[in-house]
Amino acid sequence: MVPSRALTDVEALIASGKFRRFATRADYDFGPHFTDIDRGANDAAVVTERFAARLKPVRRATFVSDDPGSRRRRLSRITSALRKVLEQARESVVMQTPYLVLSPPAQKLFKAMQEKNAGLRSGS
């Protein structure tokens, strides 16, 4: 794992605010490179075989996100939302994310929640 502070090239790009945003599908249409993936994503049989058949039932799901380039004020909102979700968890926490950097306080939060509730499992 690489600390986010070590990613100086990314940090500078985010600080500049001059990074490409992908607000609509057209923004991230990369031409023929993803044609097969797109076709498969729109084929019900493929979707069922690759994804739907693997889904697991959950009692509750909470969506927490931020925008690229977020700073401390947004991070505190995300931290508060994550804390609320963790405090309500009784059996397990599963986080699905392509990119997760846990600050030292967030790491302490996870440890504290597991100590408080010994039966709580977590995964990502």
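A short reminder: the numbers here are calculations on the coordinates, not readings from a lab. Because the structure is predicted, anything quoted here is derived from the model rather than measured. Every residue, glycine among them, receives a Cβ derived from its backbone with ideal geometry; neighbour counts consider all protein chains shown.
In the structure shown, the pairs Lys84/Lys116; Lys56/Lys111; Lys84/Lys111 are assessed against 19 Å; a Cα-Cα span above that value is assigned to Lys56/Lys111. Our estimate of slack between Leu102 and Ala118, defined as 0.36 nm per intervening residue step minus the Cα-Cα distance, is 3.7 nm.
With +1 on the Cβ of every Lys and Arg and -1 on the Cβ of every Asp and Glu, and nothing else charged, how large is the dipole of the chain about its Cα centre, in debye rounded to the nearest 20?
Numbers: 23 positive and 13 negative charges, 158 e Å.
Roughly 760 debye, rounded to the nearest 20.
Once you have a ≥ b ≥ c as the square roots of the Cα gyration tensor eigenvalues for the chain, tell me rounded if a/c is under 1.5, and otherwise prolate or oblate according to whether a/b is larger than b/c. Cα axes put the chain in the oblate bin. Extension gain, Phe63 to Phe110, is 15.1 nm, computed as 0.36 nm per intervening residue step minus the present C-alpha separation.
Whole-Hz Karplus values for segment 92-98 come out as 7, 10, 10, 10, 10, 8, x Hz, taken residue by residue from phi with 6.51 cos²θ - 1.76 cosθ + 1.60 and θ = phi - 60°; glycine and proline positions read x. With Cα atoms as the point set, the radius of gyration and Dmax of segment 1-55 evaluate to 17.3, 44 Å.
In percent, what relative contact order does the chain have, based on Cα pairs under 8 Å that are 6 or more apart in sequence?
21
Counting neighbouring Cβ atoms within 10 Å and putting the fewest first, the residues Met113, Met95 line up as Met95, Met113.
Is it possible to state the helix-based mean residue ellipticity at 222 nm for the chain, with each DSSP H run of 4+ residues giving -39500 (n - 2.57), the sum divided by total residues, to the nearest 500 deg cm²/dmol? What is it? Estimated from H runs of four or more residues: -13000 deg cm²/dmol.
Taking amide H as placed 1.01 Å from N in the peptide plane, the amide H of Met95 sits under 5 Å from that of Gly123, Ser124, each at least 5 places away or on another chain.
For segment 39-52, 3J(HN,Hα) computed residue by residue from phi via the Karplus equation (6.51, -1.76, 1.60; θ = phi - 60°) reads 4, x, 5, 9, 9, 4, 5, 5, 4, 4, 5, 7, 10, 4 Hz, glycine and proline entered as x.
In this rough spin-label picture, where each label sits 7 Å from Cα along the Cβ direction, the Glu87-Ala26 distance is 4.4 nm. GNM on the chain, alpha-carbon springs under 10 angstrom: the most fluctuating residue among Glu87, Glu11, Glu49 is Glu49.
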